[in-house]
Amino acid sequence: MSDYNFAYLDEQTKRMIRRAILKGIAVPGYQVPFASREMPMPYGWGTGGVQVSAACLMPEDTLKVIDQGADDTTNAVSIRKFFEKTAGIAVTEKTRAATVIQTRHRIPEEPLAEGQILVYQVPIPEPLRFLEPRETETRKMHALEEYGLMHVKLYEDIAKHGHIATSYAYPVKVEGRYVMDPSPIPKFDNPKMDMAAIQLFGAGREQRIYAVPPYTKVVSLDFEDHPFDPSKAEHPCDLCGAEHTYLDEVIVDDDGGRMFVCSDTDYCAERQALGHRGRLSPPETLAEEAAQ
Amino acid sequence: MTPLLSVKDVRKTYGGRIGCTDVSFDLYPGEVMGIVGESGSGKSTLLNCMAGHLPPDGGQVLFDTRTRGMVDTLTMSEPERRMLSRTDWAFVHQHARDGLRMGVSAGGNVGERLMAVGARHYGQIREQAVDWLGRVEIDEDRMDDPPSAFSGGMQQRLQIARNLVTGPRLVFMDEPTGGLDVSVQARLLDLLRGLVREMGLSAIIVTHDLAVVRLLADRLMVMKSGHVVETGLTDQVLDDPQHAYTQLLVSSVLQV
């Protein structure tokens, strides 16, 4: 433990990142440039999120890391281990018990509370990037609130597919001002961004930090005659029976067999422990035997 | 009658070289003005200075705005100027791909300006796009194709539709027919002449093609080495050129 400064980064770097975070919170949705550091992991693995988490962590914090909603995937496991080793903090898989949650591609199903911090890993912070490649121009468009182009993308979706086919990284307008990329979370999660917790977004390669303070209005963009639809797979979870959660589709055999399970593993396990059952849950007797 | 656009002593230099200098003129509503001259005579520099794409080194470009009357567009705030350039102004580039979004469908290209000024109803945006594509003779069933699937003439017509959809009052055109073959050119000119008359547009057309200005322009300005050497009514300048360079220009046109 003493081989590392607390949470890996040196104090000056954390100070610099905290200043960027504070500015981000003061101007919700605005992308604050920061001097992103080399981290001991490749770009695209959450270098931005890790730096933001490192700047937020205190010795008394409890950290939860999820990747696509799951606590046990490679990305989540390695980042959790990283902070266990470099900060010596407590870690948890329980959403409710965590004070800092670093996430990739999901917002936990369990509503977050005041005092919690949700840190997103962001690959491309600029929502206008694929419409307008010039960064000088997109910055000007943000400054002058020229967001018509964002709707051109949604228009193209409807013209091509008959409905807004953008299903993740769905653009939102924060507090009626900045259009923001919510990182590649499914659009199902967009309505949850109106929350009590602090949301911080870190993009390491792109060197940008932005934030959504608690209780900030986050509106998903849409057309009057094609309203926003936070869609999900039309199934209940096959393990816990939940009908209101975001589901992963899992192919289970070579004959087209498939199952749908909650992508939030902690939420699903908790429901199963409470006795909720789905289509493919083992029979009750077996489960009891296994428990014994 | 107040002019729509009033240009006063516009000057632009590139280091020691002159781009254009001492250019002054008034453009009245509904008037089409042609600027002709050889390559390097400063026509495009002048056009870009007027349209706000290049900052001039001196002079004024006054525009009769809807709310505030005559305002110098060079000193107005950037948001206001950008607003102007997507509502009351339009700019038709020589190369359609400079003025179009090549990755976005034809309908999306036309709809972009509408969405930029706040249209948020898909059905209505699409309706207007269909209407405008019809006016520039592009079939409705091509509206979801990207411009890269269009011919050069179609791209140019699409660019015009995209620019005129918000009902601008002033159109800047930089060699709108350059690079098109003669029959396509003729159709485009016909279309442009119809639209300009029908909508009562004012336009400034930069070209080196005298036939284009003969057909479209009411007034003509001849440029040489960054200076305006002759101005007057189009027919007057072309039929009775006074300056030596204008005489050369007019006599250089091949007769078939």
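In region A:163-178, the residues that are more than 16 Å from A:PRO230 (Cβ to Cβ) form Cβ pairs under 9 Å with partners that are acidic (Asp, Glu) and assigned to a loop (DSSP other than H, G, I, E, B), at six or more places apart or across chains, as follows: A:ARG177/A:GLU145; A:TYR178/A:GLU145. Residues that are more than 14 Å from every other protein chain (Cβ to nearest Cβ), surrounded by 17 or more Cβ atoms within 10 Å (Cβ to Cβ) and touching a residue at least 60 places away in the same chain (Cβ under 8 Å) within region B:70-116 comprise B:ASP88, B:TRP89, B:ALA90, B:PHE91, B:VAL92, B:HIS93, B:GLN94, B:ALA96, B:GLY99, listed in sequence order.
Selection of region A:249-278 for residues being surrounded by 20 or more Cβ atoms within 10 Å (Cβ to Cβ) and more than 16 Å from A:ASP67 (Cα to Cα) yields A:PHE260, A:ARG271, A:GLY278.
Residues in region A:155-187 that are surrounded by fewer than 23 Cβ atoms within 10 Å (Cβ to Cβ) and part of a helix (DSSP H, G or I): A:ASP157, A:ILE158, A:ALA159, A:LYS160, A:HIS161, A:LYS187. If you check B:ARG162, B:ARG169, which single one turns out to be within 14 Å of chain A (Cβ to nearest Cβ), buried (at least 18 other Cβ atoms within 10 Å of the Cβ) and modelled with pLDDT of 90 or more? Result: B:ARG162 is the single residue among B:ARG162, B:ARG169 that is within 14 Å of chain A (Cβ to nearest Cβ), buried (at least 18 other Cβ atoms within 10 Å of the Cβ) and modelled with pLDDT of 90 or more. With respect to the conditions (1) more than 22 Å from A:ASP194 (Cα to Cα); (2) not in a helix (DSSP H, G or I), A:VAL77 falls short on a single one, namely (2).
Scanning for something touching a strand residue (DSSP E or B) at 6+ places or on another chain (Cβ under 7 Å) and at pLDDT 95 or above, does region A:129-138 turn up at least one residue? No, every residue in region A:129-138 fails to be touching a strand residue (DSSP E or B) at 6+ places or on another chain (Cβ under 7 Å) and at pLDDT 95 or above. Which residue is surrounded by the fewest Cβ atoms within 10 Å (Cβ to Cβ), if the candidates are limited to region A:212-247 and must be closer than 25 Å to B:GLY118 by Cβ and polar (S, T, N, Q)? So, considering only residues that are closer than 25 Å to B:GLY118 by Cβ and polar (S, T, N, Q), the one surrounded by the fewest Cβ atoms within 10 Å (Cβ to Cβ) is A:THR216.
Okay, residues lined up against (1) more than 18 Å from B:LEU158 (Cβ to Cβ); (2) at pLDDT 90 or above:
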site	(1), (2)
B:GLY179	no, no
B:GLU198	yes, no
B:ILE204	yes, yes
B:GLY232	yes, yes
B:VAL237	yes, yes
B:VAL253	yes, no
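Only a single item in (1) within 14 Å of another protein chain (Cβ to nearest Cβ); (2) outside any strand (DSSP E or B) is not met by A:ALA196, and it is number (1). Per the listing A:HIS163, A:HIS151, A:HIS142, the residue uniquely closer than 17 Å to B:ARG120 by Cβ and more than 9 Å from chain B (Cβ to nearest Cβ) is A:HIS163.
The values are calculated or read from the model by the stated rules, or taken from the named source; none is laboratory data. Because the structure is predicted, anything quoted here is derived from the model rather than measured. Quick reminder, even Gly has a Cβ in these numbers, built from the backbone with ideal geometry, and neighbours come from all protein chains shown.
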